[in-house]
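Notes for the one structure printed next.
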Amino acid sequence: MARWATFDCYGTLIDWQAGIRAELARVFGEDRADAQLARYHELEPELQRTGKLSYRDVMTEAMRRLGAPENEVEGLASSLPSWNPFPDVAPALEDLWRRGWQLAILSNSDRDLIAASKDRIGVPFDQTVVAQEIRSYKPALRHWEEFYVRTGADPERHVHVAASLYHDIAPATELGLPSVWINRLGETAGRLEPTRELADLSVLPDVLDELLP
């Protein structure tokens, strides 16, 4: 039976925080970038709540609400294809491929944006589920439901890997899935108890083999 590892993309594989902050600094100035980034993190889930907006539209409306000039509101979405993966990502994913793992992305994103990010990662994925296709954003469970419909994966042979407690680790826990929290920012998990916690993906292949031999 196939072993599946599903991943969130932005913040886990792609340096989402740095990508957003760089664009905010360009538009609003370095001195306002951190405050605007904090506000962006508040706006994004509000705009995603109904699932009606594409991720490109979510980013554009968030920039508008942050006070960006109208000729700059689309800049954040336009910058996303240039955001870089973390350096530990490609080696870890390539190692997982060699060990026989099947890989998938479950992302709060659009088809074209995730395609650009996968090109930057440079490692093939067996399946990709994005919010644009299913009209739903995590932490709702629709991504996982669609993943199982498409793949027929056995939940007993599936681990979810992600950086966001709110968007990913909480729903994975609700589903009873083993989870690996990629804690790149040195956060605390609070009441959540991910199966494993790692600072990056460098030892992830060994950890996943331990969880599902």
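The values are calculated or read from the model by the stated rules, or taken from the named source; none is laboratory data. Everything numeric in this text was worked out from a predicted model, so none of it was measured. No Cβ is skipped: glycine too gets one built from the backbone with ideal geometry, and neighbour counts run over all protein chains shown. Please note that ligands, DNA and RNA were not included when accessible areas were found on the heavy atoms of the full protein model with its side chains. Shrake-Rupley method; radii C 1.70, N 1.55, O 1.52, S 1.80 Å.
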Check: When Asp88 is evaluated against the numbered criteria (1) under 18 Å from the mean Cα position of the chain (by Cα); (2) open to solvent by less than 10 Å² (accessible area, probe 1.4 Å); (3) closer than 30 Å to Leu212 by Cβ, which criterion, by number, is the only one it fails?
Finding: (2)
Next item on the list: Would you mind stating whether Glu197 is within 23 Å of Met1 (Cβ to Cβ), surrounded by fewer than 17 Cβ atoms within 10 Å (Cβ to Cβ), out of contact with any Cys (no Cβ under 8 Å at 6 or more places or on another chain) and at pLDDT 95 or above?
Entry: no
Check: Quick one: would you say Ala140 is more than 16 Å from the chain's Cα centre (by Cα) and in a loop (DSSP other than H, G, I, E, B)?
Finding: no
Notebook entry, point to check: Residues in the stretch 142-169 that are surrounded by fewer than 17 Cβ atoms within 10 Å (Cβ to Cβ) and either closer than 14 Å to Glu193 by Cβ or of a type in the set (Asp, Glu) (or both): how many?
Noted result: 3
Next item on the list: Taking the options Glu44, Glu74, Glu94, name whichever one is closer than 25 Å to Val129 by Cα, within 15 Å of the chain's Cα centre (by Cα) and without any contact (Cβ under 8 Å) to a residue 60 or more places away in the chain.
Entry: Glu44
Check: Would it be correct to say that Glu23 is more than 13 Å from the chain's Cα centre (by Cα), over 19 Å from Ile105 (Cα atoms), open to solvent by less than 50 Å² (accessible area, probe 1.4 Å) and free of Cβ contacts under 8 Å to residues at least 60 places away in the same chain?
Finding: yes
Notebook entry, point to check: Say we look at the stretch 49-82 and pick out the residues that are farther than 25 Å from Arg120 by Cα and among the polar types (S, T, N, Q); which of these is most open to solvent (accessible area, probe 1.4 Å)?
Noted result: Asn71
Notebook entry, point to check: Are any of the residues in the stretch 139-157 among the polar types (S, T, N, Q) and out of contact with any strand residue (DSSP E or B) (no Cβ under 6 Å at 6 or more places or on another chain)?
Noted result: no
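Conditions tested, residue by residue: (1) among the small types (Gly, Ala, Ser); (2) at pLDDT 95 or above; (3) surrounded by fewer than 17 Cβ atoms within 10 Å (Cβ to Cβ).
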site	(1), (2), (3)
Met1	no, no, yes
Cys9	no, yes, no
Ile14	no, yes, no
Ala18	yes, yes, yes
Arg39	no, yes, yes
Check: Which residues, counting only those in the stretch 168-213, are under 23 Å from Ser136 (Cα atoms) and basic (Lys, Arg)?
Finding: none
Check: Considering the stretch 103-141 alone, what residues qualify as being in contact with a Ser or Thr (Cβ under 8 Å, 6 or more places away or on another chain), open to solvent by 30 Å² or more (accessible area, probe 1.4 Å) and over 19 Å from Asp88 (Cβ atoms)?
Finding: Asp126, Gln127, Gln132
Margin query: Can you say whether Gly176 is surrounded by fewer than 17 Cβ atoms within 10 Å (Cβ to Cβ), outside any helix (DSSP H, G or I) and at pLDDT below 95, as far as the supplied structure shows?
Written below: no
Check: Looking at the stretch 86-120, which of its residues are aliphatic (A, V, I, L, M) and out of contact with any strand residue (DSSP E or B) (no Cβ under 7 Å at 6 or more places or on another chain)?
Finding: Val89, Ala90, Ala92, Leu113, Ala115, Ala116
